[in-house]
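To start, the structure under review is shown below, and the notes come after it.
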């Protein structure tokens, strides 16, 4: 039944319970808008046609004020906007009061990616949620203001640095929906996109366990690549030699890097680690200092994995890479289940 | 060509005077250092139309970038998105600070206000010149910085100090203080200087309206344009200093590292939004109130009827000015502001819609049983009525909390504020320009081409912006350099509309240019209006009036008759304080 109403001319599909709050009010206001626009334009056209200047037509005497008329068109709109206010407010309260049993997911926004952290500590760049379950998102931002917006859910909330903003929703159908950043945040604002995947509750649990385990089982190079792709590094760095906002990372490891102050530095493990945690320390010649620090958001082992990945795409790195078979999960793996502070 | 070839005898206002304000003195200095409100208005006209041209070119560039989701100009994605951010910032900032806010008050207000009062000048002519100099200085500075950034982003050309701006016209922190590597400081300085221009103009207008009203002009016999300017001036005086304070705090944070808005320094970024919108929401009414004032002149003049509900229109201007200070929080419904504050701001927001609705119905009622002349200024007035209706009504979606949440920061907002700020204000601006043009330059504008251009602009505008309501309600976020493929159809339609509107505006410009070159000499009162500025010759002499005119009901047009010979309206019988009308002999 919902499929029939989905994707109307005005609104995207109604994939959350908030849509049932928002849409009726939207269409009520739309009805009023159409009525009043039609009324005003019709009167305008009729008056212009009937009273337009032409041979033999004279201005006819008519009153230049009428308190009764003035009060009529003051009071009727007042009543109507109070009705709109009331329903807008009531709907907003419903959207604001978080159900006590909501499933909590932490959201970290940074230029220019989203990170969703689940109760078991696993983090992902895509939002996965169970259907028909109230979801509470607790959001923070590491740099500037962002805004998480899911049109199909009719929800939007700013992620503001220095405070937690929270909101909730409940998906009413499974599927994949767009997530946008709605608050302007610099160069790649329009690329700060991700998806929300709505699963059946059992599938969701299975996905969460498997995703966490899969990350544990990955060899460091593969884990590093996954982090590189999933944590927003690709917004500014290509894995080839193409310049984006930051340098391409192919062949960087082990090379001599020229810095903005004119000096050169060998790109070994410590340099890469510093570049991730303290990006302003050594800025590569020809680039600005846009990179945010990942201190506190990547664990040491995750940074190790990223370094392994950079080694794997560099011709300057000659020694063998750890292979999946040779790696015992307990020693070299990247534990994704470390809870964030 | 033919303005100055007048008889020396200048018997009446319909006779082009030998000496008018345009020819009173010659030379660049006589313009740049003039104290004549009319010349200052003309200089504002040149500067503001220049800003409008610049903002318009950038609007076209923005719409061209958005024709496809891919980079259009440079090819390289990251550089392209940077360029786009500079483009939309320049478009928005120049249009808001340099065109829409000063447009009607600085050009038409300066020109008309003293004459509507039957006065020789504004209350403080020297202060008026200072306002213009501040506007020009701040504006040049602002444009230099912003254009420098565009050149750098597009071509890699570095102008000294031309850092550009990529924060949007809203300067939101902490992006503007912490992350943006552009010229936030110099751009802010430019806006700050222009803010002073706005404040001083406000002071001048308030003083003029209080002190200079002529005999017979009580508050409720004042033309409604003056009520609009009075309400605007109140906002300019009270709100613009807050912008100045905000921008200074921004400077303090960026230059000195004082933590006010940046959480990294212990500040609160939402505080900036409160400061900013405490000015910038009232600023929306700085834009629309003068436009409403123009409407209240155009509609009764061309309907040949007394305005309907004078007092309600006058009071509603003041009501809008006062209420406009109480609604700024509706820009922050999803920022984390408390639900209680949201509810209060939502309720107050709806209160502003009532006086606006009252005005629309009053203008409509003025048409009833009139003798409507569909000349160019009237077409813009009718266009305003339609666009303002759409713009105002769509505000209801955004004032209501539940519907605001999904629509906030989408193209729905973009469409809404363009209908109000751009559609309505621009239409009133163009209508006012066409209306007072004969008084400004003593030349008539070709009405047929004027009407065709008005139609093209109207169609182009609606094509551009109506579709953006749908894009926005479907979820398209604003300030996106690129977008998911599903929104492409809306963007393509919108861009085509923008090109069409550009064509219409070029037609308007040619229309005006043609008038300056070959326009028929204008009679003193080409439209038959009863406000005082039409009781002197076109263009007016340096001192405006030979004798101070006496005011009566500004909307009683019954004494004016169209005179075929002069192509203008004459007063029957000739009244006190009004020179005997002698129709000019045709060559």
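The values are calculated or read from the model by the stated rules, or taken from the named source; none is laboratory data. This one's a predicted model, so the numbers in the text were calculated from it and none came from an experiment. With ideal geometry, Cβ positions are generated from the backbone for all residues, glycine too; neighbour counts draw on all protein chains shown.
Checking each residue in region A:227-249 for being surrounded by 17 or more Cβ atoms within 10 Å (Cβ to Cβ) and more than 16 Å from residue A:276 (Cα to Cα) picks out only A:244. Is it fair to say residue B:551 is buried (at least 16 other Cβ atoms within 10 Å of the Cβ), on the phi < 0 side of the Ramachandran plot and in contact with a strand residue (DSSP E or B) (Cβ under 8 Å, 6 or more places away or on another chain)? So residue B:551 fails the test.
Tell me the residue from A:262, A:288 that is without any contact (Cβ under 8 Å) to a residue 60 or more places away in the chain, out of contact with any strand residue (DSSP E or B) (no Cβ under 7 Å at 6 or more places or on another chain) and under 21 Å from residue A:113 (Cα atoms), please. Just a single option satisfies the conditions, and that option is A:288.
Being more than 7 Å from chain A (Cβ to nearest Cβ) and part of a helix (DSSP H, G or I): is that true of residue B:381 here? Yes. When you scan region B:525-536, do you find a residue that is buried (at least 23 other Cβ atoms within 10 Å of the Cβ) and within 14 Å of another protein chain (Cβ to nearest Cβ), even just one? Taking every residue of region B:525-536 in turn, at least one turns out to be buried (at least 23 other Cβ atoms within 10 Å of the Cβ) and within 14 Å of another protein chain (Cβ to nearest Cβ). With respect to being modelled with pLDDT of 85 or more and closer than 19 Å to residue B:194 by Cβ, residue B:53 fits the description.
Residues in region A:272-281 that are surrounded by fewer than 17 Cβ atoms within 10 Å (Cβ to Cβ) and modelled with pLDDT of 85 or more: A:273, A:274, A:277, A:278.
I'm trying to understand the selection: among the residues of region B:291-311, which are surrounded by fewer than 23 Cβ atoms within 10 Å (Cβ to Cβ) and closer than 13 Å to residue B:356 by Cα? Those that are surrounded by fewer than 23 Cβ atoms within 10 Å (Cβ to Cβ) and closer than 13 Å to residue B:356 by Cα: none in region B:291-311.
Residues that are assigned to a helix (DSSP H, G or I) and surrounded by fewer than 18 Cβ atoms within 10 Å (Cβ to Cβ) within region B:204-222 comprise B:207, B:210, B:211, B:219, B:220, B:221, listed in sequence order. The single residue among B:299, B:334 that is within 13 Å of chain A (Cβ to nearest Cβ) and touching a strand residue (DSSP E or B) at 6+ places or on another chain (Cβ under 6 Å) turns out to be B:334. For residue A:17, indicate whether it is free of Cβ contacts under 8 Å to residues at least 12 places away in the same chain and not assigned by TED's automatic domain parsing to the domain that holds residue A:160. The answer is no for residue A:17. Among the residues of this structure, residue A:88 counts as one that is within 7 Å of another protein chain (Cβ to nearest Cβ) and within 30 Å of residue A:171 (Cβ to Cβ). Filtered by the rule that a residue be farther than 17 Å from residue B:256 by Cβ, within 14 Å of chain A (Cβ to nearest Cβ) and in a helix (DSSP H, G or I), region B:168-195 gives B:175, B:179. Based on what the data block shows, is residue B:262 at the interface with chain A (Cβ under 9 Å from one of its Cβ atoms) and in contact with a helix residue (DSSP H, G or I) (Cβ under 7 Å, 6 or more places away or on another chain)? The answer is yes for residue B:262. Residue B:515 fulfils the conditions (1) modelled with pLDDT of 90 or more; (2) at negative phi; (3) in a loop (DSSP other than H, G, I, E, B); (4) in contact with a strand residue (DSSP E or B) (Cβ under 6 Å, 6 or more places away or on another chain) except for a single criterion, (3).
In region A:96-111, the qualifying residues are those that are in contact (Cβ under 8 Å) with a residue 60 or more places away in the chain and either more than 14 Å from chain B (Cβ to nearest Cβ) or in a strand (DSSP E or B) (or both), and the one that is farthest from the chain's Cα centre (by Cα) is A:99. Restrict the check to region B:463-481 and report whether at least one residue is out of contact with any helix residue (DSSP H, G or I) (no Cβ under 8 Å at 6 or more places or on another chain), more than 14 Å from every other protein chain (Cβ to nearest Cβ) and part of a helix (DSSP H, G or I). Within region B:463-481, none of the residues are out of contact with any helix residue (DSSP H, G or I) (no Cβ under 8 Å at 6 or more places or on another chain), more than 14 Å from every other protein chain (Cβ to nearest Cβ) and part of a helix (DSSP H, G or I).
Count of region B:366-375 residues, restricted to those that are assigned to a helix (DSSP H, G or I) and more than 7 Å from every other protein chain (Cβ to nearest Cβ), is 1. Annotation note: of A:200, A:251, the sole residue that is over 16 Å from the mean Cα position of the chain (by Cα) and within 30 Å of residue B:154 (Cα to Cα) is A:251.
Might you let me know whether region A:45-53 holds any residue that is surrounded by 13 or more Cβ atoms within 10 Å (Cβ to Cβ), under 38 Å from the mean Cα position of the chain (by Cα), closer than 28 Å to residue B:311 by Cα and modelled with pLDDT under 95? Scanning region A:45-53 turns up no residue that is surrounded by 13 or more Cβ atoms within 10 Å (Cβ to Cβ), under 38 Å from the mean Cα position of the chain (by Cα), closer than 28 Å to residue B:311 by Cα and modelled with pLDDT under 95.
Residue-wise test of (1) away from chain A (no Cβ under 14 Å); (2) out of contact with any strand residue (DSSP E or B) (no Cβ under 9 Å at 6 or more places or on another chain).
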site: B:394; (1), (2): no, yes
site: B:401; (1), (2): no, yes
site: B:415; (1), (2): no, yes
site: B:437; (1), (2): yes, no
site: B:442; (1), (2): yes, no
site: B:445; (1), (2): yes, yes
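Annotation note: of A:93, A:25, A:71, the sole residue that is surrounded by fewer than 17 Cβ atoms within 10 Å (Cβ to Cβ), part of a helix (DSSP H, G or I) and at the interface with chain B (Cβ under 9 Å from one of its Cβ atoms) is A:93. Scanning region A:126-146 for residues that are farther than 16 Å from residue A:19 by Cβ and in a strand (DSSP E or B) yields A:127, A:128, A:130, A:136, A:137, A:138, A:139, A:140, A:141, A:146. Is it the case that residue B:288 is under 19 Å from the mean Cα position of the chain (by Cα), more than 11 Å from chain A (Cβ to nearest Cβ) and surrounded by fewer than 20 Cβ atoms within 10 Å (Cβ to Cβ)? Taking the combined requirement at face value, the residue does not satisfy it.
Being at pLDDT below 95 and farther than 23 Å from residue A:295 by Cβ, is that true of even one residue in region A:106-119? Within region A:106-119, one or more residues are at pLDDT below 95 and farther than 23 Å from residue A:295 by Cβ. Scanning region A:290-313 for residues that are in contact with a helix residue (DSSP H, G or I) (Cβ under 8 Å, 6 or more places away or on another chain) and assigned to a loop (DSSP other than H, G, I, E, B), we see that the one that is surrounded by the fewest Cβ atoms within 10 Å (Cβ to Cβ) is A:293.
Of all the numbered requirements in (1) over 26 Å from residue B:266 (Cβ atoms); (2) in contact (Cβ under 8 Å) with a residue 12 or more places away in the chain, residue A:186 misses one, and that requirement is (1).
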